[in-house]
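So the structure is just underneath, and the comments pick up after that.
The numbers here are math on the coordinates, done by the rules we state, and not lab data. It should be emphasised that the depicted structure is a prediction, and the values quoted were computed from it without experimental measurement. Every residue, glycine as well, gets a Cβ built from its backbone with ideal geometry; the counts of neighbours run over all protein chains shown.
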């Protein structure tokens, strides 16, 4: 599996999915507020800029996400009440857009992808994603404890299997998503830009599918303020790197 997308978000203030900022309730004073401008997924265990998916996030004058772009494709956002449409262009060709409907908590309640498939999302009272279904069929259940995603499921041949996760003591200041639910059929970047609820409050340490004897571990590099700039994921002796770039929120 080459791609594992993590990342986006901000520390402190504001708290809707599309303002470009997220809230960290554990920090009361002297907040450093940043927003992500890039997250970069490197392939094949080499931090080589010719072998990567480089996602760039831009913002409008209101601080909401204006666009998410890669060299070969883009998603451009327009807002109409609780409806958000992301115009999708791939390799110069316009595709059917992605359409998101926000719930009262500010996160996506219903999502229609470019192929017309519809997913519905449930959350707990704290804004954590707890279930995703596709046309009424459950695709994943998610379990949270103390603000962290301790396990989430996938379905293989009709059987539900959970990935079990543990966490470091380090706070997840940038609200990055190394532990988001990648088995629910939702593009990873959509978690990273905050559409599908809050991230874990601590940084992911180790994750393992319950029927596997192999686990993945994460090591982090951070900037001076504690925002993650690099994750080194090691699985089955192979490394996968993700890089992050941030800018100060004025």
Practice item. Compute the convex hull volume of the Cα atoms of the range 34-248, divide it by the residue count, and report the result per residue in Å³ as a whole number. Key: 139 Å³
Exercise for review: Post the alpha-carbon centroid distance, the range 211-238 to the range 68-122, in whole angstrom.
Suggested key: 29 Å
Check your understanding: Over the Cα atoms of the range 69-125, what Rg and Dmax result, in angstrom?
Key -> 12.5, 41
Practice item. Over all alpha-carbon pairs of the range 85-190, lay out the pair-distance distribution in 5 Å bins, whole %, shortest bin first. Key: 2, 10, 19, 22, 19, 13, 8, 4, 1, 0
Practice item. Compute the relative contact order of the range 34-248 as a whole-number percentage, counting only Cα pairs closer than 8 Å that sit 6 or more residues apart in sequence. Key: 18 percent
Check your understanding: Which length gain, in nm to one decimal place, applies between residue 229 and residue 74 when the Cα-Cα distance is subtracted from 0.36 nm times their residue separation?
Key -> 53.5 nm
Exercise for review: Could you work out how far apart the two model spin labels at residue 37 and residue 214 are, taking each label as a point 7 Å from the Cα in the direction of the beta carbon, and quote it in nm?
Suggested key: 3.7 nm
Review point. In nm, to one decimal, how far is the residue 96 label point from the residue 155 one, both placed 7 Å along Cα→Cβ?
Key: 2.1 nm
